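Input: a single structure, listed below in structure tokens.
What follows is calculated from the coordinates using simple rules that are stated; it is not laboratory data. Note that the coordinates shown come from a computational prediction; the quantities given were computed from them, not determined experimentally. Don't worry about glycine lacking a Cβ; one is built from the backbone with ideal geometry, like all the others, and counts go over all protein chains shown.
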């Protein structure tokens, strides 16, 4: 049986932030009620990344641990799955590498992309960006709550929203049909990440 996908997705790099190591941030997220940890690291060489990824995976053993982009790394550290972008490894090849029980997610910006991903066997989609964000260069405008309602009602798999999400704007997205929220800078760059994860965990997910 595949692990839970719905709820709070905490996206972390393999670098220290505000004096906190990725291992410490992972522990805070896990203890605070995160459903998913996603390792999102695009710059670090593999020989440096691998030992950090293994430690983060060990801390997250009881919840879902996803690697962004790197199906090879996901397989090496026995992650639960991989999250792909539209221009990354095709879903079917990621499935060949990781197996039928792996969780595979993909970023989608429209219902058409979501439906195609669903047909290709993805387990969830990441939809956004919902708000302006500096964590990744964007070439499109933020998505609206109405667009979220449309894609949520049209999908049979979980829809996880991403992009500029904070404790202040998460609840309306859940009310608009999101099955979960992906948080990056609002958690890792916070002076008090324990407070952030507690507030998010207190939100009703139903």
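Here is how the numbers come out for the structure above:
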{"quantity": "Check on residue 66, in contact with a helix residue (DSSP H, G or I) (Cβ under 8 Å, 6 or more places away or on another chain), part of a helix (DSSP H, G or I) and touching a residue at least 12 places away in the same chain (Cβ under 8 Å)", "calculated": "no"}
{"quantity": "Residue among 115, 92, 147 that is surrounded by fewer than 18 Cβ atoms within 10 Å (Cβ to Cβ), in a helix (DSSP H, G or I) and in contact (Cβ under 8 Å) with a residue 40 or more places away in the chain", "calculated": "115"}
{"quantity": "Residues of the range 1-43 that turn out to be outside any helix (DSSP H, G or I), touching a helix residue (DSSP H, G or I) at 6+ places or on another chain (Cβ under 6 Å) and surrounded by fewer than 18 Cβ atoms within 10 Å (Cβ to Cβ), as a count", "calculated": "2"}
{"quantity": "Filtered residues of the range 180-206 (kept if surrounded by 21 or more Cβ atoms within 10 Å (Cβ to Cβ) and either in contact with a strand residue (DSSP E or B) (Cβ under 8 Å, 6 or more places away or on another chain) or outside any helix (DSSP H, G or I) (or both))", "calculated": "180, 181, 182, 183, 184, 187, 188, 193, 196, 197, 200"}
{"quantity": "Hits in the range 95-112 (condition: out of contact with any helix residue (DSSP H, G or I) (no Cβ under 7 Å at 6 or more places or on another chain) and part of a helix (DSSP H, G or I))", "calculated": "95, 96, 112"}
